[in-house]
Amino acid sequence: MKRLAFLSVLFLTFSLTNQAQNKKQKDAEAIKKMCGCYEVTFDFAETFEYSDDPNYVGSEVKHDRGLEWVELVEDEDNKIVLQHLLIVGPPQKQSILKHWRQDWLYENTELYMYDHDNTWNYVKLDKADVAGQWTQKVFQVDDSPRYEGTASWVHVDGKSFWENTTDAPLPRRERTKRSDYNVTVRTNKHEITDYGWIHDQDNLKVVRAPEKPDFTLAKEKGLNTYTKVDDEKCKAAQQWWTNNARTWAIVRSKWDAIFAQDKDLVLEKSIDGKPLFKHLFAEDFDTSESSINKTIDAFVVGK
């Protein structure tokens with residue numbers, strides 16, 4: 001009887017482990033389906049506003065389109081890195097803009113959670129709280145942090161999606177236009193579709209100040225739709241990445257070293273009147289490792 005019970009437990013453990021591995025593989029496949037060439041529509045609209053100011057003016061409805069290449073930069077057992085590259089201009093004269101980056105980490109316990117005023121708090125989670133989950137870490141165009149969150153991929157009724165709510169800085173489309181709020185509380189949903197994928201957002205525009213409760217100024221709906229097209233349409237972006245991958249590997253490595261310090265992070269908004277991305281993207285910028293490291297260090301408060 002004891003031997004039978006032991007074998008039953010052993011079989012159950014094997015079965016559960018196998019199921020977890022199959023689920024993890026299905027998750028990874030869903031993440032990597034976001035790679036490739038896409039025609040993208042970007043739609044945002046304020047849905048409700050709660051300001052006490054009778055003269056409050058919300059953001060205009062935004063509709064935009066673009067062609068975007070999503071490059072698979074790293075594909076490891078517990079880490080998948082996707083780099084977005086935006087293609088602008090007519091086919092005969094295209095320019096490439098390095099866009100956002102998303103890293104996916106399996107059962108990750110260390111996060112940098114945005115607070116406000118260019119401050120991110122280091123958070124250590126319990127392993128049990130992230131079992132089977134993937135952390136999505138989103139980075140700015142200069143690979144500085146943006147927002148992070150952890151949740152489980154869900155595969156049901158033929159659908160695959162991941163959803164999480166987390167705090168973030170203002171998006172670039174708002175940063176130079178709005179100063180009446182300082183935090184975006186983002187509910188992000190990534191769903192794989194038969195034509196590509198969608199990035200569905202329900203956001204809160206929040207005023208945050210020390211020792212005061214958060215105040216929601218307005219709500220916002222966002223929907224970015226990625227429709228798969230032939231990879232040949234994004235050939236210019238693929239070549240750009242081939243030419244520039246080494247530089248951005250150095251940048252990522254420097255940021256990884258900063259994150260590995262496992263402490264709260266505060267960044268300067270600008271130096272010499274320019275944000276970090278304008279330094280790194282300057283035509284005359286020295287892309288040597290020492291120059292990159294020195295430039296990024298200058299933006300880290302307390303370095």
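The values are calculated or read from the model by the stated rules, or taken from the named source; none is laboratory data. Quantities reported herein were computed from a predicted structural model and do not represent experimental measurements. Using ideal geometry, Cβ is built from the backbone for each residue, glycine included, and neighbour counts are taken over all protein chains shown. Only protein heavy atoms, including side chains, enter the accessible area calculation; ligands, DNA and RNA are left aside. Shrake-Rupley method; radii C 1.70, N 1.55, O 1.52, S 1.80 Å.
Applying a DSSP loop filter and a limit of 15 other Cβ atoms within 10 Å to the chymotrypsin sites (Phe, Trp or Tyr not before Pro) in the stretch 243-303 leaves PHE281, PHE285. For the stretch 71-122, the set of trypsin sites (Lys or Arg not before Pro) satisfying both a DSSP loop assignment and a count of at most 13 other C-beta atoms within 10 Å is given as LYS93.
Note on LYS33 and ASP262: with the Förster distance fixed at 35 Å, the Cβ-Cβ geometry gives a FRET efficiency of about 0.60. Each of PHE161, PHE44 has its accessible area taken with a 1.4 Å probe; listed largest first, they run PHE161, PHE44. In the structure displayed, which of LYS177/LYS235; LYS98/LYS228; LYS24/LYS233 lie more than 22 Å apart, Cα to Cα? Beyond 22 Å between Cα atoms: LYS177/LYS235; LYS24/LYS233. The per residue volume of the convex hull around the alpha-carbon atoms of the stretch 158-303 is 185 Å³. Here the gap between SER95 and LYS294, fully extended at 0.36 nm per residue and compared with their Cα-Cα distance, gives a gain of 68.9 nm.
Pairwise Cα distances in the stretch 158-242 exceed 18 Å in 58 percent of cases.
In plain terms, the chain from TYR195 to SER179 could stretch by 2.0 nm, reckoned as 0.36 nm per residue minus the Cα-Cα distance. When each of the peptides 127-134, 52-59 is scored by the mean number of other C-beta atoms lying within 10 Å of its residues, the order from highest to lowest reads 127-134, 52-59. If you look at the Cα atoms of the chain, you get an Rg and a Dmax of 21.2, 78 Å. Helix 289-299 and the long axis of the chain differ in direction by around 80°, with both axes built from C-alpha atoms.
Using only Cα atoms, locate the centre of the stretch 79-121 and the centre of the stretch 252-303, then give the distance between them in Å, rounded to an integer. The two parts, judged by their Cα centres, are 16 Å apart.
A Förster radius of 22 Å, combined with the Cβ-Cβ distance separating LYS233 from HIS63, puts the computed FRET efficiency at roughly 0.55. For the chain, the longest principal axis of the Cα atoms and the long axis of helix 2-32 meet at an angle of about 30 degrees. Taking Cβ separations below 4.7 Å as the criterion for a possible disulfide partner, the isolated cysteines in the chain are CYS35. Going through the stretch 195-237, which GluC sites (Glu not before Pro) have at most 16 other Cβ atoms within 10 Å and a DSSP loop state? Filter output for the stretch 195-237: GLU211. Electrostatic tally near TRP248: other residues with Cβ closer than 14 Å to its Cβ, Lys and Arg +1, Asp and Glu -1, net -2. Just checking the listed ones, PRO145, PRO90, PRO171: in the Gaussian network model of the chain with Cα springs under 10 Å, the one fluctuating most is PRO90.
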